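These notes concern the structure reproduced below.
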């Protein structure tokens, strides 16, 4: 039997990663702060539920982490029952969460103190991309540790980029997401502009998808923009706001001017204030349709 993989986090991405690993024949030991969520993923995939993050981190030589934010990561890593306590010598923790670069570097130090190794390996791509095993992994940390984690990451990813030391992966992910969230805002605005000017939504999107602007985001978010009422949430607007806060914090620390990110953050905040935080990021189009 293949070696087990520990998975920390049973949210949308963690659940999709678990399902992908199980379909590849890997045993998965899953931990989530909310036991009921982990149990639901277990029932759907056959993953074994761990009682603590430490138990999941000790399950195999590679551990995947997928958590919502910096606070959730710190809570999962720290303490006698945390990830760092379970990730001993020979273990590589590949953290796919989108967090501040400083957080990634500090968690790597915590894991190293216990004898393990950590990579910041945030990913580009949402749930449907995980399901196809076509994520882009952006890795920061040791090249040697990345090679040890690669047999597991290769099951999830179409390509893996090593971009530097600890924190570099997190930095690059925020740069990528600054672009993704700008595109999401632009598609939302352009689609509503076409609709309000008399072009049918599906027709407008067909043109987008075959124009010079047709990148992967425009392609894989098509159903979410054309038929939002039928499409499951892949990335919530609340998390977009969290990302943009991290992006603007990094911009301030590096002395980078990002006026578009500032405007995007304001637009997302308005939509969240309107009660749309739990909806998919494409809900910005619906929000704009409702504005006078």
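A compact table of results
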item: Cα-derived Rg to Rh of the chain, Kirkwood definition; result: 0.99
item: Value of relative contact order over segment 5-165, rounded to a whole percent, pairs C-alpha under 8 Å and six or more apart; result: 20
item: Segment 1-70 versus segment 110-189: alpha-carbon centroid distance in Å; result: 18
item: Among 243-255, 11-23, the order from most to least packed when residues are scored by Cβ within 10 Å on average; result: 11-23, 243-255
item: Length-normalised contact order of the chain in % [C-alpha pairs under 8 Å, at least 6 apart]; result: 13
item: Nearest-ten-degree value, helix 12-23 long axis tilted from longest Cα axis of the chain; result: 60
item: Centre separation in Å (Cα based) which lies between segment 254-274 and segment 205-232; result: 23
item: Residue-averaged [θ]222 nm for the chain, counting only DSSP H segments that reach four residues, each worth -39500 (n - 2.57); result: -16000 deg cm²/dmol
item: Ranked by how many other beta carbons lie within 10 Å on average, peptides 115-126, 97-108, 270-281, 161-172 from highest; result: 115-126, 97-108, 161-172, 270-281
item: Semi-axis lengths (Å, descending) of the ellipsoid that matches the C-alpha gyration tensor of segment 5-165; result: 20, 19, 14
item: Stokes-Einstein D (µm²/s) once Rh is taken as the Kirkwood radius of segment 190-279 over alpha-carbon pairs, at 25 °C in 0.890 mPa s; result: 164
item: Estimated FRET transfer efficiency when R0 is 35 angstrom, pair residue 211-residue 102 (beta carbons, to 0.05); result: 0.35
item: Ranked 65, 212, 49, criterion: other C-beta atoms within 10 Å, fewest first; result: 212, 49, 65
item: Normalised contact order of segment 171-289, rounded percent, pairs of Cα under 8 Å and 6 or more residues apart; result: 37
item: Potential extension, residue 251-residue 39 segment - 0.36 nm per residue separation minus Cα distance; result: 72.4 nm
item: Net lengthening on full extension, residue 158/residue 190 (0.36 nm per residue, minus Cα-Cα); result: 8.5 nm
item: Potential extension, residue 182-residue 199 segment - 0.36 nm per residue separation minus Cα distance; result: 3.8 nm
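Read-outs throughout are calculated quantities, based only on the coordinates presented, and are distinct from any laboratory measurement. Bear in mind that the values here come from a model prediction, so they are computed numbers and not experimental data. No Cβ is skipped: glycine too gets one built from the backbone with ideal geometry, and neighbour counts run over all protein chains shown.
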